[in-house]
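All of the numbers you see were taken from the coordinates with simple rules; none came from a lab. The shown structure was predicted, so the numbers you read here are calculated from the model rather than taken from an experiment. Here the Cβ is made from the backbone with ideal geometry for all residues, glycine too, and neighbour counts use every protein chain on show.
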Amino acid sequence: MKNILGIYDDENEYCERLSNLLGSNEAFPYEVSPYSSIELLTNDMKSGKLSCALVAERALERYSSSCDGPAIVLDEGYNKSGTLRRIWKYQSGDTIRKEILNILIDNDDNFYVKNAGRKMTSSLTVFFSPSHQRENSSLSVLYSNLLTSGNNKKVLHLSFTSYSGFDELINQTKDITELLYFMENTDEDKLVSTIGLKLQSIAYTNGQVDYIAPAYSYQDIINSDKESVTRLITYISDCRLYDHIVIDATEFIEGLEDLLYMADKIYCFLYDTGYDFNVKSRLCQILKDNDKDILTEKIKFITIPESSSYYGSLCELCSKESSLWPPITKIIKEE
């Protein structure tokens, strides 16, 4: 049976706009159907055609008097009574989408829905360097953006780091630590069907790339156990929401070796000045107890110009004027 969300608001234009926004998001777990009258919506709810309704507060009494199906209220500030969950109407459509996902996560088994797996298994690319974390973050972000150039590929960028330097990411109220906490404190049966919802509810989206913001401090990352990172990536990959998962990794995370072995590709940068002579030896030390073939089979070194540039925004980084543009476009073409 299809999962369908029916939407009604007395303002028909608003109802159409919100329906189009929610319905155009490929990862949204419902098909979305706008209604021109509350009577049509309640009839379809009573007949079982709808899984849930999103109803404007002014129409709630008309809905509740003839139907007791599951509903979420678009709060307009009139009346706070009742037990139904509420979402403030006068905010961005994307924020409304994320709040709907959080409600699905919080409710019982007959209300939240499984994520629609529409894509093939994700490829996994890790950017890692034992030094210069800011540059490593910049490379991984630009790579994620250029992967989507000229195609409909969907990319997830995960920062297993602290403060990244990108305004859009550090201003997010939820970050990678919330995703790890959710995984570690949710029953596995429920986690399988809700991890994708949680992911979508905290991601910052720019074009075809979803970003999970970096942690506020390294302490938040190193407190996770050794298996947390690889478990999280496995769950996300199983959601099949993304063509590519790109990870900005740091030496501080537990289970780094397992993450590198899990990756399809590993990129590590070197400055063109030859300054980083110890990078390769440090990588060998990190992997000293493992199969050294990983160095030749997976790790590719990228030579970049040494620069003191500070990237305050993703737009600035992803412009063709960026000094990192040529080396990243080169490796993408070689792939």
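At 0.36 nm per residue, and after removing the present C-alpha to C-alpha distance, how many nm does the segment from Ser149 to Asn3 gain when stretched out fully?
49.4 nm
As a rough footprinting exposure proxy, the listed residues Lys298, Lys154 were ranked by other beta carbons within 10 Å of their own, and the order from fewest upward is Lys298, Lys154. When Val192, Val32 are sorted by how many other C-beta atoms sit within 10 angstrom of their C-beta, beginning with the fewest, the order is Val192, Val32. Straight-line cross-link reach from Lys154 at under 15 Å between alpha-carbon atoms covers these aspartates and glutamates, not counting any fewer than eight positions away in the same chain: Glu26, Asp210, Asp238, Asp243.
Filter the cross-link list Lys49/Lys98; Lys98/Lys198; Lys46/Lys98 down to pairs whose alpha-carbon distance in this structure exceeds 20 Å.
The pairs that break the limit, which is 20 Å between Cα atoms, are Lys49/Lys98; Lys46/Lys98.
A Förster radius of 56 Å, combined with the Cβ-Cβ distance separating Lys46 from Ser131, puts the computed FRET efficiency at roughly 0.35.
What shape does the stretch 1-48 have by the C-alpha gyration tensor, where a ≥ b ≥ c are the square roots of the eigenvalues, rounded means a/c under 1.5, and otherwise prolate means a/b greater than b/c and oblate the rest? Oblate, because a/c is 1.5 or more while a/b does not exceed b/c.
When the C-alpha to C-alpha distance is required to be over 19 Å, the pairs from Lys265/Lys330; Lys153/Lys226; Lys298/Lys333 that qualify are Lys153/Lys226.
Counting only aspartates and glutamates at least 8 places from Lys300 when in the same chain, those with an alpha carbon closer than 18 Å to its own are Glu135, Asp248, Glu251, Glu257, Asp258, Asp264, Asp272, Asp276, Asp291, Glu334, Glu335. Taking 7 Å steps out from each Cα toward its Cβ at Phe252 and Lys190 produces label points 3.1 nm apart.
Going by how many other Cβ atoms sit within 10 Å of their own, how do Thr148, Thr194, Thr177 line up, fewest first? Spell out each step's value before the answer.
Details: Thr148 17, Thr194 25, Thr177 20.
Placing the least packed residue first, the sequence is Thr148, Thr177, Thr194.
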